[in-house]
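Engineer: Please read through the structure below; I'll follow up with questions.
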């Protein structure tokens, strides 16, 4: 199980970067943790890989997210979400619409 302090570090960073957005999150089990920020018509999604959470101390997480400019990348991603891993940020394509 991931250290709750590490999840809290991500939450804290997101709340600071997006102060007027509603933040919800849920565990992906062994795959990591999902975060969703919503305000009006804007929705931003972030998945933080379990390996990233396991390999960094809570106090490192916020600094890395800031260095990697998570806030800027989310705003540029429009409808896509982001994945945070040990190598940095990666844009994830949104789910394809049902056919």
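The values are calculated or read from the model by the stated rules, or taken from the named source; none is laboratory data. Computed from a prediction, not measured in an experiment: that's the story for all the values here. Note that we place each Cβ from the backbone using ideal geometry, even for glycine, and neighbour counts take in every protein chain shown.
Engineer: Of all residues in the range 21-68, which are out of contact with any helix residue (DSSP H, G or I) (no Cβ under 9 Å at 6 or more places or on another chain), modelled with pLDDT of 95 or more and in a loop (DSSP other than H, G, I, E, B)?
Structural biologist: 68
Engineer: Next up: Report whether or not residue 62 is within 13 Å of residue 7 (Cα to Cα) and surrounded by 11 or more Cβ atoms within 10 Å (Cβ to Cβ).
Structural biologist: Yes; evaluated as a whole, the condition is true for this residue.
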